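The values are calculated or read from the model by the stated rules, or taken from the named source; none is laboratory data. This one's a predicted model, so the numbers in the text were calculated from it and none came from an experiment. In this analysis, Cβ positions are derived from the backbone assuming ideal geometry, glycine residues included, and neighbour counts consider all displayed protein chains. Areas reflect the complete protein model, heavy atoms only, side chains present, ligands, DNA and RNA absent. Shrake-Rupley method; radii C 1.70, N 1.55, O 1.52, S 1.80 Å.
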Amino acid sequence: MSILSCRAVGNLLRSFTIGVASVAASLLPPPVVADDPGLTGPYAVTTVEYDTGSNAILPALEGYPGPVELQGMVAHPANLAAGPFPVVLLLHGRHTTCYEPALVPGPGESSTIAGAVFEWPCTAGRLPIPSHRGYDYLAQHLASHGFFVISVSANGINARDIQHPSLGMTTRGLLALEHLAMWLQYATVGGEPYGSRYRGRLDFSRVGLVGHSIGGDGIAVLELLNQLLGEPFGIRAAFMLAPTDNLRLDLSKLDLAVVLPYCDGGLPTLPGIRYFDDPVHVAEGARRSHYQLTMRGANHDAFNSYWSVTAPVPGGYDDWDLAVLYGAVGPDDSACGTTVAGNERLLPADQRAAVVPLATAFLARHLGVDIGSSDAELAEILTGDVPPPSGLGAVVRGAYRAADGTPGVRVVDEFDQPSSLALNALGGLSFGIGLTRHTLCGGPAPQPVDCLHDPSAVIDPHMVGTTERAWGPPGLPRLALGWASADAGYVTLIPEQHGDVREAAVLQFRIALDPTDPANPPGVDRDFLVGLVDDDGHWATARVADWSRALDYPAGSAGPLNPKPLLQGVRIPLTAFDGVDLQEVRAIVLALGALPGQAQGAVFLSEIRFSD
């Protein structure tokens, strides 16, 4: 059949409902766990602290209102002759800069904010908080796998960033550029105090960036500066930990992963999601691979060992508890509240341990480093198809967008056009059957900025307000779907010239349920059937819950920070649609109410595509 009629699709939806009993609990065997990138690599590691002084970079640096140090730490393979090694630069975020030694926590005591201050240089009797050493766990692990890691100290910026027009964000990028330039000199012509030790040992054609908190904006500025300077550094990839995104800079041309801590009390709106969302608004052609990694139970600060409650110096705290203290959220959140029985919170050490395999897999894949795993195995970890054995104390749920030009990728719809209610990106008809809600929201005007049934109840991390939308990219375009019957569904047709999807491996989309809609009672998970139909009318279905937990009711209970309507990825292997001719796919059908107990619901849908 070359065209599917509404009546035919309606019959299919009823067939899906009748045939639910025959849907297997799992259509494929459990995935085989890949080699673990969380295991220490083969290289012995050397660490070197360097410091040219607290006043090394004077206020002339972009007119900054105070001195900024040129200080950092490098971790690299002890056997430099095995290089040259790709370069990874780490940039920490905003934290207190100096502490009172008399208030160092004793054995068994937690670090507190008492005795930690913002100043630079530290006055007599106080010592610097070495925020740049808070990622030693990651730097040394990466070095053991053959990376040359530079961790930058930015205490001078933190001490006075509130006095600066950009809150020091642009200065952070300039500071990072200074460090790269210095190490480029050591790697090419040499220089004191290292002589020729590092000459020829660093590969600046393969550079990765890691930014935590406002360090995220800093490395975004660094990438912009690198482009303006004609790309003297081969920056290929960025790994973001709970980043800010105040400047809304375009990083779509970098391979990028963003880690979103679900219990982030420092940046509770999770602005880092925009690094993943914004490339939807960039024209196809040069966009690279992007990953969204949501870490349940993680907070903002514990990625840095000097910022958490287990820090060996003053200044550490639990940022979710601080949000409670300041009244941003109630103390009884079921997922994130540290005093609530059965909460999901991770210990700081477990949170850091969960980052290690993710960062290693990402940087190895996109900087071309052999760590003993194939590219396919690394990709499975990053897309969430297969978890690594290490770091399993954390639940990490993801979403993935393949680079433009990846074989098999076909964008069906991103819901960013005024016509998206009726036509998908391929030119095929799209329509709903028996829906109570079928609207576009969140994206470019004239789409409304709010998607939630009750925008006052919880925060929508994907939402961009009208004022910000006027100068920067809009929020994530979404299709809002609601239903109240078993035969309700959504259909998008695939034109004949686009129906051959044999090169693809999966059908994927992003989705979340609306926790503010009465159709989704608190704590009730959603699930539905996804169907493919071919030109001869053959069809097969798969349950979302067999392949993703994206339709689970969001964790937490203490609005407005939780529960979060955060869209997660669903990736269904095309092999799950047995009997469908993948050379002639004509329709994607979401049978929203077909499963038992699922005759009502409300979800947000985004980015339907066939992918690798």
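Summary table
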{"read-out": "Amide H partners (placed H, <5 Å) of Ala587, local residues excluded", "value": "Ile494, Val533"}
{"read-out": "Where only C-alpha atoms are counted, convex hull volume of the range 103-159 per residue in Å³", "value": "111"}
{"read-out": "Estimated vicinal HN-Hα couplings, Hz - the range 103-114 in sequence order (Karplus 6.51, -1.76, 1.60; Gly, Pro = x)", "value": "9, 4, x, x, x, x, 8, 8, 6, 9, 6, 5"}
{"read-out": "Radius 13 Å from Cβ of Leu493, net charge of other residues (Lys, Arg +1; Asp, Glu -1)", "value": "-4"}
{"read-out": "Nearest-ten-degree value, helix 169-188 long axis tilted from longest Cα axis of the chain", "value": "70"}
{"read-out": "Modelled FRET efficiency - R0 56 Å, Glu178 with Asp578, Cβ distances, 0.05 increments", "value": "0.45"}
{"read-out": "Estimated FRET transfer efficiency (Ala403, Asp454; beta-carbon r; R0 30 Å; 0.05)", "value": "0.20"}
{"read-out": "Length-normalised contact order of the chain in % [C-alpha pairs under 8 Å, at least 6 apart]", "value": "14"}
{"read-out": "Relative contact order (%) - the range 233-310, alpha-carbon pairs under 8 angstrom, separation at least six", "value": "34"}
{"read-out": "Derived scalar couplings ³J(HN,Hα) [the range 342-354; Karplus, 6.51 cos²θ - 1.76 cosθ + 1.60; whole Hz; x for Gly, Pro]", "value": "x, 5, 9, 4, 8, 5, x, 5, 5, 4, 5, 4, 6"}
{"read-out": "Share of carbon and sulfur in the accessible heavy-atom surface of the range 471-612 [1.4 Å probe, %]", "value": "49"}
{"read-out": "Full-extension gain in nm, Ala349 to Thr40, via 0.36 nm per residue minus C-alpha separation", "value": "109.6 nm"}
{"read-out": "Fraction of antiparallel bridges per DSSP, the chain only, in percent to nearest 5", "value": "70"}
{"read-out": "Note, ³J(HN,Hα) from phi for the range 229-242, Karplus 6.51, -1.76, 1.60, rounded to Hz, x at Gly and Pro", "value": "8, x, 6, x, 10, x, 6, 10, 8, 9, 10, 9, 10, 6"}
{"read-out": "Global geometry of the range 459-498, whether rounded, prolate or oblate, following the gyration tensor of its Cα atoms and the 1.5 cut on a/c", "value": "oblate"}
{"read-out": "Antiparallel bridges, percent of DSSP beta bridges restricted to the range 175-316 (to nearest 5)", "value": "5"}
{"read-out": "Mean Cα-pair separation over length for the range 69-221, i.e. relative contact order, pairs under 8 Å, 6 or more apart, %", "value": "38"}
{"read-out": "Simple spin-label estimate for Phe118 and Ala82 in nanometres, 7 Å along Cα-Cβ", "value": "4.3"}
{"read-out": "Gyration tensor verdict on the range 333-476 (Cα atoms; rounded if a/c is under 1.5, prolate if a/b is larger than b/c, oblate otherwise)", "value": "oblate"}
{"read-out": "Global geometry of the chain, whether rounded, prolate or oblate, following the gyration tensor of its Cα atoms and the 1.5 cut on a/c", "value": "prolate"}
{"read-out": "Extended-chain gain in nm, criterion 0.36 nm per residue less alpha-carbon gap, Val48 and Ser196", "value": "51.7 nm"}
